[in-house]
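Enquirer: Mind looking over this structure? Questions follow.
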Amino acid sequence: MAQPLMPHATASWLVDNTALSFAQIAEFCGLHILEVQAIADDTAATKLTGRDPVRAHELTMEEIERGQADPNYRLKMLKGPDQVRRTKGPRYTPVSKRQDKPDGIAWIIRHHPEISDGAISNLIGTTRTTIAAIRDRTHWNIGNIVPKDPVTLGLCSQRELDAIVAKAAKAAGIEAPVDNRLEGDRAALIDALRAERDRAAREPEGHEETGFVDPFKR
């Protein structure tokens, strides 16, 4: 499925400007629902500047309205201008996050030793030499490397990580771990939104002036 050119920035805009559910935004942007929740809670590593997918010709207002009217609706992206896609070489990582790469690599090696160095290289955007040095603990800074989830560090998306874990598990003949957080978090978020809707419904008329936006309003 096609994804926005800048998924995190697009998710930030959709959170701030629409009543779409976190699950819908996560699906459209190719992110995990926890990443969208972090953006909404301003707990992401950096405050993102939103990117309007309507102006970018990736989404129409009609499509957004369909999604707001039906929480189970899956947004469809318009075919925008041809995007330049990386075909060779390592993934580009912002300078501010490059120092986090060793921690992300160490986390993958510890929790998913079945993933090949080549797959880690493509996911994180690093060299096999660096991965090998961390794996055999000969890295020059090994004493300061602390395994951390690469998704939390912003080095990759949960979907990308899940994909290589599943692929490596299949190649190794083992069962891939199942992430059940999505269903639980989605249910909790829906319950919270419904409670907020019910609370607002009990308030005197005119509560809309407070800025409350009912995500279930059709």
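Enquirer: Output the residue which, of all residues in region 2-21 that are more than 16 Å from Arg159 (Cα to Cα) and of a type outside the set (A, V, I, L, M, F, W, C), is surrounded by the fewest Cβ atoms within 10 Å (Cβ to Cβ).
Expert: The extreme case among them is Asp16.
Enquirer: Taking region 150-175, which residues are part of a loop (DSSP other than H, G, I, E, B) and open to solvent by 40 Å² or more (accessible area, probe 1.4 Å)?
Expert: Result: Thr152, Gly154, Gly173, Ile174, Glu175.
Enquirer: Something else: As an exercise: evaluate Pro204 against (1) at pLDDT 70 or above; (2) closer than 30 Å to Ala69 by Cβ; (3) open to solvent by 40 Å² or more (accessible area, probe 1.4 Å) and give the number of the one condition it does not meet.
Expert: That leaves (1) as the condition not met.
Enquirer: Of the residues Asp70, Asp82, only one is open to solvent by 40 Å² or more (accessible area, probe 1.4 Å), at pLDDT below 80 and among the acidic types (Asp, Glu); which?
Expert: Testing whether each residue is open to solvent by 40 Å² or more (accessible area, probe 1.4 Å), at pLDDT below 80 and among the acidic types (Asp, Glu) leaves just Asp82.
Enquirer: Of the residues in region 22-55, how many are open to solvent by 30 Å² or more (accessible area, probe 1.4 Å) and either modelled with pLDDT under 90 or in a loop (DSSP other than H, G, I, E, B) (or both)?
Expert: 17
The values are calculated or read from the model by the stated rules, or taken from the named source; none is laboratory data. Bear in mind that the values here come from a model prediction, so they are computed numbers and not experimental data. Note: ideal-geometry Cβ built from the backbone for every residue, glycine included; neighbour counts use all protein chains shown. Ligands, DNA and RNA are excluded from the accessible area calculation, which covers all protein heavy atoms including side chains. Shrake-Rupley method; radii C 1.70, N 1.55, O 1.52, S 1.80 Å.
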